[in-house]
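Read the structure below first, then the notes.
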Amino acid sequence: EAGGAEPGLPAAPPPEPTGDPRVDEAVARLAELAGRPVPEHVEIFEDVHQRLQDLLAGAEGSSAEAGPSAGAGPAVPPPRPAFPDALRPRP
């Protein structure tokens, strides 16, 4: 196949918005995975990971220095659970 793209792999659905445009922008880069050969995925994952780490480090640093009422940006919503309720194991 031309360009070495992986054949027959469907594109992943776009991620749900997080409420933080900086995070959404970083995660949107994952859409570039579709049609690329797997060896090229590493670069994209590393870039997204680095962007998210930078945002997290900035958020931790600003909250520690300025306190919770600093208003340095949009409010960050609480994290979503790792598993939606429908997928949680039942006791």
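The values are calculated or read from the model by the stated rules, or taken from the named source; none is laboratory data. No experiment lies behind these values; they were computed from the predicted model shown. Note: ideal-geometry Cβ built from the backbone for every residue, glycine included; neighbour counts use all protein chains shown. For accessibility, only protein heavy atoms count, side chains too; no ligands or nucleic acids. Shrake-Rupley method; radii C 1.70, N 1.55, O 1.52, S 1.80 Å.
Remarks
- Single residue of region 11-23 satisfying the filter (over 17 Å from Pro39 (Cα atoms) and either of a type in the set (Gly, Ala, Ser) or open to solvent by 90 Å² or more (accessible area, probe 1.4 Å) (or both)) that is modelled with the highest pLDDT: Arg22
- Tabulated pairs, region 22-39, first under 29 Å from Gly58 (Cβ atoms), second in a helix (DSSP H, G or I) and open to solvent by 80 Å² or more (accessible area, probe 1.4 Å), C-beta under 7 angstrom, 6+ apart or interchain: Ala26/Arg51
- Residue satisfying all of: in region 24-57; farther than 19 Å from Pro14 by Cβ and either of a type in the set (S, T, N, Q) or assigned to a loop (DSSP other than H, G, I, E, B) (or both); least open to solvent (accessible area, probe 1.4 Å) among these: Pro37
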